[in-house]
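Participant: Just dropping this structure here.
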Amino acid sequence: MSLRLLVVEDDREIRTLMQSTLSVEGFEVQTAVSLSEARALLLHSPPDVVVLDLGLPDGDGLELVQTIRRQHTLPILIVSARHQEEQKIRLLDAGADDYLTKPFSVGELLARIRVAMRHRGTALAAAVTEHHRDDLHIDLTQRSVHSRGETLHLTPTEFSLLARLVRSAGRVVTHRQLLHDVWGPEFTEHTHYLRLYMGQLRAKIEADPAEPRHLLTETGVGYRLATGS
Ligand code: CA
């Protein structure tokens, strides 16, 4: 059975391109040109994945994300233009899984879909407890972190921050989500905590903290623990 993908995009050229390329990749692709059309499709034939453009003729995608999250666990990927940062962050905080900034390649889109599907899948089956990439090995159950052949000693806060990123490996986690989950709901504006602790983590984990290969910055949005090559 092929995966059903709903592409919500008002730009005909992008929509047609996504439809044809994603169909070739084996997805069953439905398209909607507006939020209202997307709502109708979600009601009648819920997809497995939603790809949601931010600039739509009939309003903000926030409401759609909230509606979907009330009823479904399916992955939602946001497609945004560079100037739509604020809006994008609100949607990520509301439960969207990840985002792509235009222009993006089909390869990037497919990689993001795979990561999001894996997370949604494992969220239902079992939580992610391990992360292994190149010289970095993290085991949340053992509370152990190894990098370049050495055991690293992390403070409890550093470990909590890293663990939060491991559980979303490959996906962006917003500043607000990290602060909320690691420090607590009253700390969501304390972005300086994040800068401080991320600096400490990078100093321990990265071969060159100035050129991080594992703990990636998503400028203005949050951080992403790298997966894959
Ligand atoms: Ca648009």
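Participant: Which residue fluctuates the most in the chain, going by a Gaussian network model with Cα springs under 10 Å, if the choices are 40, 94, 111?
Facilitator: Highest fluctuation among the options: 40.
Participant: Something else now. For the range 130-225, which whole percent of the accessible surface, found with a 1.4 angstrom probe, sits on carbon and sulfur atoms?
Facilitator: 48
Participant: Looking at the range 98-171, which trypsin sites (Lys or Arg not before Pro) are in a loop (DSSP not H, G, I, E or B) and have at most 13 other Cβ atoms within 10 Å?
Facilitator: Answer in residue order: 143, 148.
Participant: Could you work out the Kirkwood radius for the range 130-225, taking every pair of different alpha carbons, averaging 1/r and inverting it, reported in Å? Working shown, then result.
Facilitator: Details: mean 1/r = 0.0749 Å⁻¹.
For the range 130-225, the Kirkwood estimate is 13.4 Å.
Participant: Roll a 1.4 Å probe over the protein chains and send me the accessible area per residue for the range 130-225 in Å².
Facilitator: Ligands and nucleic acids excluded, the result is 49 Å² per residue.
Participant: Regarding the range 4-118, what is the average projected area of its C-alpha convex hull, in nm²?
Facilitator: Result: 6.3 nm².
Participant: Let me check against my output: what whole-number percent is the relative contact order of the chain, with C-alpha pairs under 8 Å and at least 6 apart?
Facilitator: 13
Participant: Right, something else. Mind checking the dipole of the chain: about its Cα centre, +1 per Lys or Arg Cβ, -1 per Asp or Glu Cβ, Debye to the nearest 20?
Facilitator: Magnitude of the dipole: close to 420 debye.
Participant: Assuming 0.36 nm per residue, please report the length gained on full extension of the stretch residue 129 to residue 43 beyond their Cα-Cα distance.
Facilitator: Fully extending the segment from residue 129 to residue 43 adds 27.5 nm.
Participant: Taking a quarter of the surface of the convex hull around the Cα atoms of the chain, what do you get in nm²?
Facilitator: The orientation-averaged projected area of the Cα hull of the chain comes to 13.1 nm².
Participant: Filter the DSSP H helices in the chain by two things, a Kyte-Doolittle mean of at least 0.0 and an axial alpha-carbon span of 27 angstrom or more, and list the hits by number.
Facilitator: Once both thresholds are applied, what remains is 106-125.
The values are calculated or read from the model by the stated rules, or taken from the named source; none is laboratory data. Everything numeric here is computed off the predicted structure, so don't read it as measured data. Note that each Cβ is placed from the backbone with ideal geometry, even for glycine, and that neighbours are counted across all protein chains shown. Note: areas computed on protein heavy atoms with side chains; ligands, DNA, RNA excluded. Shrake-Rupley method; radii C 1.70, N 1.55, O 1.52, S 1.80 Å.
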